[in-house]
Amino acid sequence: MTLPSLFVAHGSPMLALEEHEYAHFLQELSRQFMTPKAIVLFSAHWDTPDQSMTVDDNHSTMHDFYGFPEEMYKLTYPVAGDLELNKEIVNIFKKNNLNYVPVQGRGLDHGAWVILQKMYPEANIPVVELSVDSKRSPKEQYNIGSMLAELRKEGVLIIASGGLVHNLRKLNKAEHPDDWAVEFDNWIAEQLEQWNLKSLFEYQHKAPYVDQAVPHYGVEHFIPLFYAMGAADDERKAKRLFQDYQYGNLSLNCWMFGSVSDS
């Protein structure tokens, strides 16, 4: 069984409570392929200079946000880790000379559990969370993802959680999405569909409205895209599954990389 890798926008933490088109899409997304034996998830909300990885039997739920309704702080996603998968990933990192840090007791941040509780509400699929590093080059981020490509053939679902347009200072109450956000997303989509790594790796200089879409203080939300792409480097196929916006320009999108096979 081969599974794809996914880039999934997690939007606002309120996604955990919201019922709208994107929430419903995520609820249906897991039905598009076989149930994975485990999930490896790169989260924008774990940005570290060394490649970090959760190594827990069971995960706690981080409420790493403030100013939200009390109900948000009562939500939990009590899911198991996967120590055997941890060992396999460690072997992969060692083989590729990638320094890594095992982390116990951290729990899953909201970049992970908010989307997982939509996709797999029963919390019955083991999860290993991995950090991203916004200081690395896009090529390095892509290469780390590519190290894990073989896991997809073992029935492991690789998810990278972030947001292509994620500028909290630009949010507004506009009825329609801001033109600059749409133009940026469309440019990214064109490069992804062509698997144009040269342009994507230089997005900071080539993409339209990049300063608004990916501000320097929010780049960690964009870069999970490269980890997800790298995990499908063996196939280099991209398909946009969903696109919408909240608050004028907060991009809610999902991209699937690679193919699905039952064999």
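Every number here is computed from the coordinates shown, using simple stated rules; none is lab data. Predicted model only: the values in this text are computed from it and were never measured. Backbone-built Cβ (ideal geometry, glycine too); neighbour counts: all protein chains shown.
Observations
- Between His216 and Arg236, the contour length at 0.36 nm per residue exceeds the Cα-Cα span by 4.4 nm.
- Multiplying the residue separation of His205 and Phe65 by 0.36 nm and removing their Cα-Cα distance gives an extension gain of 47.2 nm.
- R0 of 30 Å, Cβ-Cβ distance Glu183-Met14: FRET efficiency to nearest 0.05: 0.70
- Gain on full extension, evaluated as 0.36 nm per residue between Glu175 and Glu190 minus their Cα-Cα distance, stands at 2.9 nm.
- Amide hydrogen proximity for Leu241: with H placed 1.01 Å from N in the peptide plane, the residues at 5 or more positions away or on another chain lying under 5 Å are Cys254, Trp255, Met256.
- Taken as entire DSSP H runs, the helices of the chain never both span 30 Å or more between Cα atoms along their own long axis and average 1.6 or more on the Kyte-Doolittle scale.
- In this label model, Asn99 and Met1 are separated by 3.7 nm, measuring between points 7 Å along each Cα→Cβ vector.
- Put simply, the amide H of Ala38, placed in the peptide plane, has neighbours under 5 Å in Leu157, leaving out anything fewer than 5 places away on its chain.
- GNM remark for the chain: springs join alpha carbons under 10 Å apart, and the peak mean-square fluctuation among His221, His45, His20 falls on His20.
- Residue-count net charge about Ala189 - beta-carbon cut-off 13 Å; Lys, Arg +1, Asp, Glu -1: -2
- Just so you know, the Rg over Rh for the stretch 55-144 is 1.01, from Cα atoms, with Rh as the Kirkwood radius.
- Alpha carbon Rg of the chain, scaled by the compact-globule rule 2.2 N^0.38 Å: 0.93
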